[in-house]
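Peer 1: Structure in structure tokens, see below.
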Amino acid sequence: MSSLRHGFADTRRGQVHYVEHGTGDPVVLLHQTPRSWDEYRDVLPLLGTNHRAIAMDTLGFGASARPTDAWTIELFAAGVVDLCDALGLDSVAVVGHHTGGVIAVEVAAAAPERVHGLVLSATPFVDAVRRQRVATSRPPIDHVVPAEDGSHLAQLWANRAGFYPPDRPDLLDRLVRDALAVLDRVEEGHRAVNRYRMEERIGLVRAPTLALCGELDTFSLPDLPRIAAAIPGARSAVLPDTGVPAVDHRPEQFAAAVGEFLRS
């Protein structure tokens, strides 16, 4: 991994941390909540063989600045555009996974002239029905109350264990590590997603789009047809034998699907 290059870029909301690999057409990679660039650690060298692959820490996460006001999808998306400005990237492909996919929708809607390709991985469709359902009946995903005996660490693990392959505890290790870095606001990325008015924004997307989802991702797979149908000309694909952690669980498969789409 010595070929991975770390950097910080100045933005309107503070510094954004990013890691990149390769040269060529730039592709910006956006992680799920509460992960960091590390979600794409194994994807970067694969995409970097043909592209300048850039995995950023979303504002508030990883080593990026943590705005003190409420986090919103619009704020996260502005951080992506600011990073592109700081790196001198006029036009990019954007890849987002889960929360990152929702952010990618907003980037492509707010700055359509800056996005020439879009990959939405396991992206939920957020409309009024979902917002109401989440507000009234869904428990928090990652929130835990710190305990003196450290039992909240086990709770962080347990909250996600059902979505991760039992033979890959290393993947949950990586998620828990990222979650601990933002423990006091670990749920806020999810809250931002569920406040977003996607149904008013996704129709503004003009970039060629690929909608992806792992076949075992029971959280987002039901929304794959709606995401694809909402963007004219969008393609869709299902990744076999993986679920919520598709990016780091099956990096070769994920990178191959993204790379093939970008080449087309």
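The values are calculated or read from the model by the stated rules, or taken from the named source; none is laboratory data. Only a predicted model underlies this, so the values are computations on that prediction, with no experimental measurement involved. Please note: Cβ atoms are built from the backbone with ideal geometry, for glycine as well, and neighbour counts cover all protein chains shown. Note: areas computed on protein heavy atoms with side chains; ligands, DNA, RNA excluded. Shrake-Rupley method; radii C 1.70, N 1.55, O 1.52, S 1.80 Å.
Peer 1: Residues being open to solvent by less than 20 Å² (accessible area, probe 1.4 Å) and among the acidic types (Asp, Glu): count how many of those fall in segment 248-264.
Peer 2: Residues that pass the stated criteria total 1.
Peer 1: I'd like to know if segment 111-125 contains one or more residues that are touching a strand residue (DSSP E or B) at 6+ places or on another chain (Cβ under 8 Å), open to solvent by 10 Å² or more (accessible area, probe 1.4 Å) and among the basic types (Lys, Arg).
Peer 2: yes
Peer 1: Would it be correct to say that Ile227 is buried (at least 21 other Cβ atoms within 10 Å of the Cβ), touching a strand residue (DSSP E or B) at 6+ places or on another chain (Cβ under 6 Å) and at negative phi?
Peer 2: It is true that Ile227 is buried (at least 21 other Cβ atoms within 10 Å of the Cβ), touching a strand residue (DSSP E or B) at 6+ places or on another chain (Cβ under 6 Å) and at negative phi.
Peer 1: Of all residues in segment 155-171, count the ones that are open to solvent by 10 Å² or more (accessible area, probe 1.4 Å) and either in contact with a Lys or Arg (Cβ under 9 Å, 6 or more places away or on another chain) or among the hydrophobic types (A, V, I, L, M, F, W, C) (or both).
Peer 2: 4
Peer 1: Among (1) within 26 Å of Gly14 (Cβ to Cβ); (2) assigned to a loop (DSSP other than H, G, I, E, B); (3) not acidic (Asp, Glu), where does Ala147 come up short?
Peer 2: Here Ala147 clears every test but (1).
Peer 1: Can you name the residue in segment 1-34 that is of a type in the set (Ser, Thr, Tyr) and open to solvent by 20 Å² or more (accessible area, probe 1.4 Å) and, of all such residues, is nearest to Pro140 (Cα to Cα)?
Peer 2: Out of the qualifying residues, it is Tyr18.
Peer 1: Confirm whether Leu183 is farther than 21 Å from Gly101 by Cβ, touching a Pro at 6+ places or on another chain (Cβ under 9 Å) and surrounded by fewer than 20 Cβ atoms within 10 Å (Cβ to Cβ).
Peer 2: Yes.
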